[in-house]
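Okay, structure first, notes after.
The values are calculated or read from the model by the stated rules, or taken from the named source; none is laboratory data. Only a predicted model underlies this, so the values are computations on that prediction, with no experimental measurement involved. As a convention, Cβ positions derive from the backbone with ideal geometry for all residues, glycine included, and neighbour counts pool all protein chains shown. Only protein heavy atoms, including side chains, enter the accessible area calculation; ligands, DNA and RNA are left aside. Shrake-Rupley method; radii C 1.70, N 1.55, O 1.52, S 1.80 Å.
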Amino acid sequence: MFKPIVVASLPVRSREDIKRVDEIESDLVELRLDYAKDLPEPEEILSYKNKVLVTLRDRGEEELETSATIRRRPFSQSLQTWGSL
């Protein structure tokens, strides 16, 4: 039988918030990067790759291509390369 896992959501508004992952008592932590004013460098998340899920929603998901989408694309590609997305 499978054990359920607990996922805690962490709204990331600054790079300092990412360091809170170690303080959260859960199986996984969802990093809600869509709240961030500036995206962290993908390397800042790499050390947590076995503990986090990364969420990068667009505020205007109905829009096809926004400046935020274009800015987030390289970040998402880096995480995908490392197997973290």
Taking region 42-52 on its own, how many of its residues are open to solvent by less than 20 Å² (accessible area, probe 1.4 Å) and either more than 19 Å from D22 (Cα to Cα) or of a type in the set (D, E, K, R) (or both)?
0
Of the residues E23, E30, E41, only one is modelled with pLDDT of 75 or more and in contact with a Phe, Trp or Tyr (Cβ under 9 Å, 6 or more places away or on another chain); which?
E41
Evaluate the following for L39: is it surrounded by 13 or more Cβ atoms within 10 Å (Cβ to Cβ) and in a strand (DSSP E or B)?
no
From L56, L10, residue being within 17 Å of L79 (Cβ to Cβ), among the hydrophobic types (A, V, I, L, M, F, W, C) and at pLDDT 90 or above
L10
